[in-house]
There are 4 protein chains.
Amino acid sequence: MHPLKPVLAVNFKAYHPHSFGVYALNIAKAAVKVRDEFRDVEIILAPPFTELYRVIRELEGVDVKVFAQHADPLEPGAITGYIPLEGLKELGVHGVILNHSEHKLRLSDIFYLIRKARRLELEVLICADEPEIGASVAVLEPDMIAVEPPELIGTGISVSRAKPEVITRSVELISRVNQRVKILTGAGISTGEDVYTAIKLGTVGVLVASAIVKAKDPYTVMREMALSAIKAFEETHKSTN
Amino acid sequence: MHPLKPVLAVNFKAYHPHSFGVYALNIAKAAVKVRDEFRDVEIILAPPFTELYRVIRELEGVDVKVFAQHADPLEPGAITGYIPLEGLKELGVHGVILNHSEHKLRLSDIFYLIRKARRLELEVLICADEPEIGASVAVLEPDMIAVEPPELIGTGISVSRAKPEVITRSVELISRVNQRVKILTGAGISTGEDVYTAIKLGTVGVLVASAIVKAKDPYTVMREMALSAIKAFEETHKSTN
Amino acid sequence: MHPLKPVLAVNFKAYHPHSFGVYALNIAKAAVKVRDEFRDVEIILAPPFTELYRVIRELEGVDVKVFAQHADPLEPGAITGYIPLEGLKELGVHGVILNHSEHKLRLSDIFYLIRKARRLELEVLICADEPEIGASVAVLEPDMIAVEPPELIGTGISVSRAKPEVITRSVELISRVNQRVKILTGAGISTGEDVYTAIKLGTVGVLVASAIVKAKDPYTVMREMALSAIKAFEETHKSTN
Amino acid sequence: MHPLKPVLAVNFKAYHPHSFGVYALNIAKAAVKVRDEFRDVEIILAPPFTELYRVIRELEGVDVKVFAQHADPLEPGAITGYIPLEGLKELGVHGVILNHSEHKLRLSDIFYLIRKARRLELEVLICADEPEIGASVAVLEPDMIAVEPPELIGTGISVSRAKPEVITRSVELISRVNQRVKILTGAGISTGEDVYTAIKLGTVGVLVASAIVKAKDPYTVMREMALSAIKAFEETHKSTN
């Protein structure tokens, strides 16, 4: 049995009303149910800043991680309307997504935040538009990199189907500079099959948004993705053992 | 008796640990106590995004308003790590601070947010570095304008003492284009006396940060400021009645 | 005869190759010819930063003004890749466009630049997306305001035809706070008739881009616009005398 | 004889008046003289956008390269006040500095610009605050990387003296992922000795600003630096041959 688990990371974004209030809690509840059924998948939820507290409280004692969608590359202090990593740590998050294609960061800010997150014992998931950008950030040693071709985000056309070579090339380029970082597949992930393919192409999981967040029943979609992730992961790591 | 009340607005900023967690709650509790003692002052608390939910819950049923420190000038949807006004409304805030000198906005974004806030029935407090900027935003009809010379922010030297002419000139220029907007004095407000002077100079209250947020006992400072605000306000409006 | 002249301002933008090199010079040459024929129109050319020197040299001794398309709100010094107003002044420009809807500025930066431009004796043309924004910047006393609904920019559908009420409302709101500022009509200006209507609606001229810059023969379009501007201007100011 | 030459790159920044007009031309003239005396050094001048044309004209037929200090990560077209790479190419520059610590870029924009520059046959010099950032951008295959600890910029305390380990560590980390990129030393370079040390520490040259730009006699400083560069370069490459 491989110690690592496949990863199912859910970016709530800021859909209205789906990402907020009772809707956000509903996704958290779906994660609790999926977690109860399957131990062999790591679930990460990334609600908006304003919903983090509620989601963290909902997940108390449950082995589901909560990430912020962003952190501002600033020191705490006389700053207004910004959220430094220290404030997120205080709140109890486990990690942070950075450099999403909808919230890109300057290179030096990415490094500043990765380094500070490490000090605060927060995990970092960096998004990369392209394989080369994934390799570039891999040098800075984040915990995870999600490769997301922005032209597929929100389309329902998964990168694993439409551009598998983006994934295989990312795995290749990233591994060349960093073997420890976990690579996720993002953009357009809609079904369990997309998750399955993503893992078969060499990544450890997916970063998914609207397919779960805007679903009528987030639990059903999340469950299907978890199942497929586990299946693909077992097949992959059985074959390599 | 004048229907309007003096305003005591507290910007928590992002001091660590003072603006977060139990510290943030402690300021909320201080506000509850001050509100219990004095009815004739309007209290506004502006914690970081991540603390809004907790502070709002703490103030349930209490006549203290909660404002966000900022809102992103974006429509809800596929946006990551941003907080649109709709998400704040959902959470239950009463209003939002915009264009703080530590988080300045583009002019067109200020107008976009003022207009959307009005539609969502959220109050807007705009910060202005200088009298002319106060007059400029006054044209866009926010609910409140806080004039804060940035060089005094965080110094403990209040604008009402060091640069009273900035305040009187702001009142004059702003009133010329908009008589309805409430004008606040910001920057360096440290004592009840600063609050008293701010109101005597023609504004309806203050925007204060570190003097309360970093105080050993926020309650004592807030209480003193509330008292001075009420005193100055009564004197001013008695004299004009 | 009214001392003021109608204004024909040409934003070169950064079309490739139309805004650069010999193409930029060609527009400058067209302006020289139009200026030779008509004295009663003020022509302003706004090429990209990199073309300013050549265009200024081409126009030496000719009564055509050259504006930059933007200036960075920074003091000269250890700044890399930014152009402060001092550098533009040194070069010999007459003024600067600020806050174009393709390059929006923070409110406090607009004021900083207006104030510095006045000190350096540079004219300032501020762009405003909407009437209220026009009125807001009018408080800061720029020399000119161009009202440009961004949804019409580059469409070839002129605001004077499609949304005349945007222009009349701008004139009304701006005049309420500032009677001295010259108001221009922007967005979608394509023909002499558009220019004519813009002036009849109460503005002093137009800010035009692609219709001249991407024209096969910039001279013909510019000439037609100059003629229409003069005609409308004479009619308007005869009637008001 | 090693085909490669040491590099002396001069960032004019935007000092007033030193970086503009006759002062800018004066630096170009100094470069012509130094180039006449020494063939075995590559000189790069990076004046502000507005001075590029004049400097390029001054250097016509002279083997000195002209770089822009920045390029905007945008396609040419309806953009106002921005300079895309195509406009720079049109003008005749040889390359561009990107991501200077005074003008940092988002990671994806750096990659976009590197790729487009390659297509346009423009050289790219990327600045990096720290060794790790240098290694990160090295993955994206720019032509040159200048490592510049920002805390030393403009101090007159050269990184080669104050923090030689920053340079050696940069060389080590960058070489690990990219052996072709030329590494320069930046920040605080003031004397020929600083240049000598920079090259002895394993880089191919320097990025220098105020020491030349604000010098009473730019020629003397540039000459001294060129001499030291050649000396260090010959010693280094003799020993490795």
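Among the residues of the range B:78-89, write down those that are farther than 16 Å from B:Leu113 by Cα and not aliphatic (A, V, I, L, M). Let's see the steps before the verdict.
To start, the set of residues in the range B:78-89 that are farther than 16 Å from B:Leu113 by Cα comprises B:78-81.
Matches in the range B:78-89: B:Thr80, B:Gly81.
Within this structure, B:Tyr82 fails the test of being within 11 Å of another protein chain (Cβ to nearest Cβ), in a helix (DSSP H, G or I) and free of Cβ contacts under 8 Å to residues at least 40 places away in the same chain.
Residues of the range A:41-82 being among the β-branched types (Val, Ile, Thr) and within 19 Å of B:Glu86 (Cα to Cα), which ones? Lay out the reasoning, then the answer.
Kept after step one, since they are among the β-branched types (Val, Ile, Thr), are these residues of the range A:41-82: A:41, A:43-44, A:50, A:55-56, A:62, A:64, A:66, A:79-80.
A:Thr50, A:Val55 - these are the residues of the range A:41-82 that are among the β-branched types (Val, Ile, Thr) and within 19 Å of B:Glu86 (Cα to Cα).
Taken over the range D:181-190, the criterion of being at pLDDT below 95 and surrounded by fewer than 24 Cβ atoms within 10 Å (Cβ to Cβ) is satisfied by D:Ser190 alone. The single condition among (1) surrounded by 24 or more Cβ atoms within 10 Å (Cβ to Cβ); (2) in contact with a Pro (Cβ under 8 Å, 6 or more places away or on another chain) that A:Ile114 does not satisfy is (1).
Within the range D:127-146, being β-branched (Val, Ile, Thr) and at the interface with chain A (Cβ under 9 Å from one of its Cβ atoms) holds for D:Ile133, D:Val137, D:Val139.
Inclusion of D:Ala162 among residues that are of a type in the set (Gly, Ala, Ser) and touching a residue at least 60 places away in the same chain (Cβ under 8 Å) is not warranted.
Looking at B:Glu121, B:Glu132, B:Glu193, which one is assigned to a loop (DSSP other than H, G, I, E, B) and either surrounded by fewer than 24 Cβ atoms within 10 Å (Cβ to Cβ) or at pLDDT 95 or above (or both)? Break it down stepwise before answering.
Values: B:Glu132 fails: assigned to a loop (DSSP other than H, G, I, E, B); B:Glu193 fails: assigned to a loop (DSSP other than H, G, I, E, B).
After applying the criteria, what remains is B:Glu121.
With respect to the stated conditions, C:Ala211 is in a helix (DSSP H, G or I) and either free of Cβ contacts under 8 Å to residues at least 60 places away in the same chain or in contact with a Leu (Cβ under 7 Å, 6 or more places away or on another chain) (or both).
Only a single item in (1) closer than 16 Å to B:Val137 by Cβ; (2) in a helix (DSSP H, G or I) is not met by B:Gln179, and it is number (2).
Is it the case, given these coordinates, that A:Glu51 is surrounded by fewer than 20 Cβ atoms within 10 Å (Cβ to Cβ) and over 16 Å from the mean Cα position of the chain (by Cα)? If you could, list the steps in order and put the result at the bottom.
Values: surrounded by fewer than 20 Cβ atoms within 10 Å (Cβ to Cβ): no; over 16 Å from the mean Cα position of the chain (by Cα): yes.
No; evaluated as a whole, the condition is false for this residue.
I'd like to know if the range B:147-157 contains one or more residues that are under 14 Å from the mean Cα position of the chain (by Cα), more than 9 Å from every other protein chain (Cβ to nearest Cβ), in contact (Cβ under 8 Å) with a residue 12 or more places away in the chain and buried (at least 24 other Cβ atoms within 10 Å of the Cβ). Within the range B:147-157, one or more residues are under 14 Å from the mean Cα position of the chain (by Cα), more than 9 Å from every other protein chain (Cβ to nearest Cβ), in contact (Cβ under 8 Å) with a residue 12 or more places away in the chain and buried (at least 24 other Cβ atoms within 10 Å of the Cβ). Considering only residues in the range A:86-109 that are assigned to a helix (DSSP H, G or I), touching a residue at least 12 places away in the same chain (Cβ under 8 Å) and at the interface with chain B (Cβ under 10 Å from one of its Cβ atoms), the one that is surrounded by the most Cβ atoms within 10 Å (Cβ to Cβ) turns out to be A:Leu88.
Is it the case that the range A:51-68 has a residue that's of a type outside the set (Lys, Arg) and within 30 Å of D:Ile126 (Cα to Cα)?
Just the residues of the range A:51-68 that are of a type outside the set (Lys, Arg), to begin with: A:51-53, A:55-56, A:58-64, A:66-68.
Then drop every residue that is not within 30 Å of D:Ile126 (Cα to Cα), which leaves none.
No, the range A:51-68 has no match at all.
Checked across the range B:162-172, the condition of being part of a loop (DSSP other than H, G, I, E, B), surrounded by fewer than 24 Cβ atoms within 10 Å (Cβ to Cβ) and out of contact with any Pro (no Cβ under 9 Å at 6 or more places or on another chain) holds for no residue. Restricting attention to the range A:13-48, the residues being crowded, with 24+ Cβ neighbours inside 10 Å and not aliphatic (A, V, I, L, M) number 5. The set of residues from the range B:158-183 being over 17 Å from the mean Cα position of the chain (by Cα), of a type outside the set (A, V, I, L, M) and farther than 15 Å from B:Val208 by Cβ comprises B:Lys163, B:Pro164, B:Glu165, B:Thr168, B:Arg169, B:Glu172, B:Ser175, B:Arg176, B:Asn178, B:Gln179. Please go through the range D:8-39 and pick out each residue that is farther than 19 Å from D:Glu60 by Cα and among the polar types (S, T, N, Q). The answer is D:Asn11, D:Ser19.
The values are calculated or read from the model by the stated rules, or taken from the named source; none is laboratory data. Just so it is clear, the structure is predicted and the values come from calculations on it, not from any experiment. Note that we place each Cβ from the backbone using ideal geometry, even for glycine, and neighbour counts take in every protein chain shown.
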